[in-house]
1. Of the residues that sit in the range 211-248 and are in a strand (DSSP E or B) and in contact with a Cys (Cβ under 9 Å, 6 or more places away or on another chain), which one is nearest to Met153 (Cα to Cα)?
2. Taking the condition in contact (Cβ under 8 Å) with a residue 24 or more places away in the chain and among the charged types (D, E, K, R), does Arg254 pass?
3. Within the range 168-212, which residues are touching a residue at least 24 places away in the same chain (Cβ under 8 Å) and of a type in the set (Gly, Ala, Ser)?
4. Where residues in the range 105-133 are more than 14 Å from Ala220 (Cα to Cα) and among the β-branched types (Val, Ile, Thr), which of them is farthest from the chain's Cα centre (by Cα)?
5. Pick out the one residue from Gly186, Gly191 that is surrounded by 13 or more Cβ atoms within 10 Å (Cβ to Cβ), of a type outside the set (A, V, I, L, M, F, W, C) and at pLDDT 95 or above.
6. Every residue in the range 23-76 that is of a type in the set (Lys, Arg), within 17 Å of Thr216 (Cβ to Cβ) and assigned to a helix (DSSP H, G or I), please.
7. Would you pick out the residues in the range 10-37 that are closer than 26 Å to Leu211 by Cα and among the β-branched types (Val, Ile, Thr)?
8. Give me the pairs, please: first residue somewhere in the range 34-56 and without any contact (Cβ under 8 Å) to a residue 24 or more places away in the chain, second residue anywhere and of a type in the set (D, E, K, R) and loosely packed, with under 14 Cβ neighbours inside 10 Å, beta-carbon distance under 8 Å, and either six or more positions apart or on two chains.
Amino acid sequence: MKGNPVSGAQTIQRAMQVVKLVARHADEGLRLIDVARAMEIERPTAHRLLRALVAEGMLRQGASHRYRLGPLMFELSLTSGHHLNMADLCTPVLKSLAEETGDTSFLFVRSGDDAICLAREQGSYHIQTPVVPIGSRQPLGVSSGGLALLSAMSEQEVGPLLDAIIPRLPAYENLSVEEIWNYYHGARKKGYAAIANWAAPGVRGVGVPILGELGTPIAAITVATTISRMSEERIEKIAPALHEASGKIARLLRQL
């Protein structure tokens, strides 16, 4: 006996409404009871929807029992083809930033527990650092791009992500979770993410997140050069240009 197509369509519609609801509360996440009340449905119904969405990777449930967007959401955004348009759309901003600073500018996006280098533009300074190939991925928190993405997330979101990447950290000079937490808090305090040596020896990068309309980090823009060139004073001068570029890209991405 075939299922009721109307009932099936309603279930899909409800599931998508739940995803949108959770996305609007990405920072703090939502409890089961929050979802049931907002959707005006019974708790068992809400629980079945949430459990199915978690099983498919569209949502995840942390230790606090709150639901947040899951890794599949980020993977889908990358495989949809929009990331190609995104790189093309952001190229003028990256070029302008590279020209202004003289150093290499990068665009990163998140994919699950990783930061992926989506685009790169070199500046005019005689020493460049194109050490991160386009398409390469590294755990969140290792590079300035990944750290910038983390800095726009709450501690409740960051904790499970860092726990997940622990087995991969020995490949990055044994960078520890405690050190990433220190970088994270520093980035939150300063308004930009600065980190050196872990992603590439002798290189320091500084970056800021690019936020979507819901306030979630959808990308990060960074500038990197040698440690000797990227002094604290230089970082302070570059930071405003990064924030300006981030705002430009956020506005451009609304066109996708």
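The values are calculated or read from the model by the stated rules, or taken from the named source; none is laboratory data. Owing to the predicted nature of the structure, the values given are computational and were not obtained by experimental measurement. Cβ: placed from backbone, ideal geometry, glycine included. Neighbour counts: every protein chain shown.
1. My answer is Ala219.
2. Judged against the criteria, Arg254 is a match.
3. The answer is Ala187, Gly191, Ala193, Ala194, Ala196, Ala199, Ala200, Gly202, Gly205, Gly207, Gly212.
4. Looking at residues that are more than 14 Å from Ala220 (Cα to Cα) and among the β-branched types (Val, Ile, Thr), I get Ile127.
5. So the residue among Gly186, Gly191 that is surrounded by 13 or more Cβ atoms within 10 Å (Cβ to Cβ), of a type outside the set (A, V, I, L, M, F, W, C) and at pLDDT 95 or above is Gly186.
6. The answer is Arg24, and nothing else.
7. Val18, Val19, Val22, Val35, listed by residue number.
8. Ala36/Glu42; Ala36/Arg43
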